[in-house]
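Colleague: Supplied in C-alpha cells, the structure appears directly below.
The values are calculated or read from the model by the stated rules, or taken from the named source; none is laboratory data. Small disclaimer: the values here were computed from a predicted structure and weren't measured. Surface accessibility is based on the protein's heavy atoms, side chains included, excluding ligands, DNA and RNA. Shrake-Rupley method; radii C 1.70, N 1.55, O 1.52, S 1.80 Å.
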Amino acid sequence: MNKKRVFSITTFIIGIIALIAGVVFLVIRLINANSMQDGEFLVSIGEWVKENGKCEQLKCAENTKCMDENGESALRCEDGGVIWNFTEIGKGTLTTNDHLNDYDFSWALENGKIIIKTDWLYTMNDEFDYELDQNNNILTITREGEEAVKFVPVAE
C-alpha cells in the first residue's frame, strides 16, 4: 500500500510540474505572437530616415502642414536625410534630397539580409545585413566591411 501511495503522489507532482511548464510556454508563445513580421513592420512605419538625419515637417500657414503635389506631408531634411519609404511589401521609394527626386526600389528580406534593387540613374542591386528592433523603432543595416547605419522613423 505504501508503494502505491508514493507512486501516486510522485505521478501527481510530475503532472503538476508538466502543467505549469506548459502554461509558461503557452504564455511566452502568445506574447511573442503579437510582434509583427519584419516586412509588415517596415511598411507600417513607412518612412525611415538615417538616424543622424534631421527631418522636420514644413509649416506653410499658421498651424497647417505643407503638402506636396500628392497631398502628402512635406518634409525638409538636413544633411544625412536619406529617406526610405517602404510603401508596400516589396516596393518603396528612396530620396536623398527632400523628395525633389524620388526613386523607386524593390526590396526583399531573406535570411537576415535586406536586398534592395533601386532604379536610380542606373539600376543598383544592394544587399545588407539588417537588424530590426521593433520595440525601439530602429532599423540597422550593415554592408560587409563597413560601419552600421541606423534608420529611425520620420517624425511627423
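Colleague: Viscosity 0.890 mPa s, temperature 25 °C: give me the Stokes-Einstein translational D for region 1-46 in µm²/s, with Rh taken as the Kirkwood radius over C-alpha pairs.
Modeller: 177
Colleague: I've got another one for you. Counting only the heavy atoms of the protein chains, how much of residue 10 is accessible to a 1.4 Å probe, in Å² to the nearest 10?
Modeller: Per-residue accessible area (residue 10): approximately 70 Å².
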